[in-house]
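Trainee: Sending over a structure as structure tokens; questions will come in a sec.
The values are calculated or read from the model by the stated rules, or taken from the named source; none is laboratory data. This one's a predicted model, so the numbers in the text were calculated from it and none came from an experiment. All Cβ positions, glycine included, derive from the backbone under ideal geometry; neighbour counts span all protein chains shown. Only protein heavy atoms, including side chains, enter the accessible area calculation; ligands, DNA and RNA are left aside. Shrake-Rupley method; radii C 1.70, N 1.55, O 1.52, S 1.80 Å.
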Amino acid sequence: MRYFFTLLFFLGLLQANDAVHTFAKSEDCKSCHTQIYDEFYGSMHANSTPQKDPIHNAIWAQHPKNLKQEQYACGKCHTPAADNLDKMMTNAQKAMPDAKNETHQAGISCAYCHRIKSIELHKEHNTNIMTTTEKNYFGTLKEGIESPYHGIVSEGNEHMKNGNVCIGCHSHRMNKHGLNVCSTNIDNEMDGANCVSCHMPKIDGSVSALNDTKVHAFHGFAGAHFHSEMLTKHVDISLLRNIGNFIINIDNRTSHALLLHPLRLGVLKVSVKRGEKTTQLKDEIFVRVLGKDSKPAMPWIADTTLKDTMIQANEKRSVQYDFKLQQGDKVDVVLGWFLVNPKALQSLNLENESVATKFHEFKKESFTF
Ligand code: HEC
Ligand code: HEC
Ligand code: HEC
Ligand code: HEC
Ligand code: HEC
């Protein structure tokens, strides 16, 4: 039964990826959509490949399908504009990501995202269904708007606005042991906010060089690597002082867990300044550890979650510090993360990659008494 199920899935996967599409290069959009292009160029979507993302590369380096040079199934989400995506997705075709192939290095390109027509839901991971017309893009601007370079589809474009366009790749990823290794809440809305409104907020600057508009949707995709300052307003930090202790409350008003990828390690750092003296209190850690046989394991080996202290969607987490505050004390609170859990750095050969080793400050707050 299980075999039958897996086979069905496999067929489903092949079918959904049978067509290889040709996508316009993102550079082609630069002359008119200059600001959007510049934002995109620095984002993780433009840098999602093993050659451009050292963290992706480090995990991929240890993957059995890479060691045997068999298949790069990651391409479905990490290099979806590849000109041989079908082969990449097929076992034993040996179609590996190639530094010299432009379509492999395009990442989640402009034209790719703007040609997602609908999303097919699957148990393992979802699939994007693409349009077959090359230069015709889904958008959300007012109807009847035109471009001299490409067509604009303004019908059936709700998915661009409500965030469904993101869930083809972001909703979940199940490994072959049935463990969901990376999951964003598929119920992608919260208080009227969704993936697009939170991660692509409207900011100053024109949509294109041809018409002067005041704002455009931010295409730098604020997240754990870049521009997290744009998201701090969705997480509140407050302090409650008691007689013998105090409590830090973290209110995650987000529709998903604070950090999503299982490599991450969130940290709450708290210190108390009294006069000239600063006392550093114990760090509080937020993490989701995947494992097998009671030991941490790579996502393709893991069959269970060993530990999950990550702050969940819409959760208010309280952390108690047994420290008696006095008048004049100043409490400094920093919430942040390491993109790669420091315990995993060595085994991933990432000790010298600053992107993996650096502590990323997300939100700071100070309280004086
Ligand atoms: C179903 C889509 C999908 C597939 C298939 C997929 N990924 Fe990902 N991957 C994502 C998404 C979405 C993110 C961003 C998640 C986040 O930031 O929380 C991501 C992030 C990552 C990261 C973190 C990168 C960083 O810079 O922090 C690593 C590492 C990674 N993937 C490795 C892989 C490997 C290796 C494969 C193939 C064996 C793979 N992924 C297959 C969707 C996918
Ligand atoms: C010759 C100039 C030009 C080039 C090149 C160009 N565009 Fe546009 N595009 C426009 C204009 C003009 C509009 C209409 C919006 C406006 O008034 O600025 C537009 C609008 C759009 C929209 C918004 C549609 C909507 O309703 O929200 C999308 C999406 C889009 N372009 C994608 C792209 C992509 C992807 C590329 C590159 C593959 C590209 N464009 C290249 C001129 C251009
Ligand atoms: C074709 C698959 C795909 C689609 C569609 C997609 N993403 Fe991603 N996204 C990824 C992958 C893969 C990564 C991780 C890249 C890496 O770290 O190497 C990522 C990373 C991110 C990040 C993390 C950025 C950071 O700085 O850490 C955010 C935020 C994000 N995506 C938001 C979105 C939003 C919002 C949408 C919908 C508008 C979307 N994505 C659509 C595949 C996709
Ligand atoms: C991960 C998916 C994704 C990628 C990659 C992406 N876009 Fe978009 N784009 C969107 C979404 C979603 C919207 C709708 C935003 C909204 O309605 O707030 C949008 C909106 C637009 C608009 C309409 C203007 C606006 O401000 O709403 C233009 C033009 C556009 N994109 C061009 C581009 C170009 C050019 C690139 C590459 C440089 C690109 N997009 C890459 C998802 C993407
Ligand atoms: C209410 C606002 C909000 C909504 C809605 C929202 N996010 Fe987030 N997202 C956040 C915040 C806050 C963070 C954590 C701060 C950061 O990573 O910069 C975050 C982080 C992320 C990250 C990085 C996590 C990591 O571990 O690398 C990804 C990827 C992401 N969101 C994708 C999505 C997708 C896809 C959707 C829709 C299904 C979505 N988000 C909906 C606010 C939101």
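Trainee: Of ASP332, ASP293, ASP322, ASP308, which residue is assigned by TED's automatic domain parsing to the domain that holds PRO262, loosely packed, with under 14 Cβ neighbours inside 10 Å and farther than 27 Å from LEU179 by Cα?
Mentor: ASP322
Trainee: Just to verify a result, which residue in region 335-367, among those that are under 22 Å from LYS282 (Cβ atoms) and of a type in the set (S, T, N, Q), is surrounded by the most Cβ atoms within 10 Å (Cβ to Cβ)?
Mentor: ASN341
Trainee: Looking at ALA99, ALA46, ALA82, ALA58, which one is in contact with a Leu (Cβ under 9 Å, 6 or more places away or on another chain) and modelled with pLDDT of 95 or more?
Mentor: Answer to the selection: ALA58.
Trainee: I'd like the residue in region 206-224 that is part of a loop (DSSP other than H, G, I, E, B) and touching an Asp or Glu at 6+ places or on another chain (Cβ under 9 Å) and, out of all such residues, is surrounded by the fewest Cβ atoms within 10 Å (Cβ to Cβ).
Mentor: Ranking the candidates gives LYS214 first.
Trainee: If I filter region 135-152 down to residues being within 24 Å of LYS214 (Cβ to Cβ) and open to solvent by less than 40 Å² (accessible area, probe 1.4 Å), which single residue comes out as nearest to ligand 5 (Cβ to nearest atom)?
Mentor: Only one residue fits best here, namely PHE138.
Trainee: Can you find, within region 28-47, the residue that is nearest to ligand 4 (Cβ to nearest atom) among those that are in a loop (DSSP other than H, G, I, E, B) and under 13 Å from GLY220 (Cα atoms)?
Mentor: This residue is HIS45.
Trainee: A further question follows. Of the conditions (1) within 13 Å of ligand 4 (Cβ to nearest atom); (2) part of a strand (DSSP E or B), CYS182 fails just one. Which one is it?
Mentor: (1)
Trainee: While we're on this one: For region 54-81, how many residues are within 15 Å of ligand 4 (Cβ to nearest atom) and assigned to a loop (DSSP other than H, G, I, E, B)?
Mentor: 3
Trainee: Turning to a different aspect of this structure: Taking the criterion of being closer than 30 Å to LYS324 by Cα and among the β-branched types (Val, Ile, Thr), would at least one residue in region 222-232 satisfy it?
Mentor: yes
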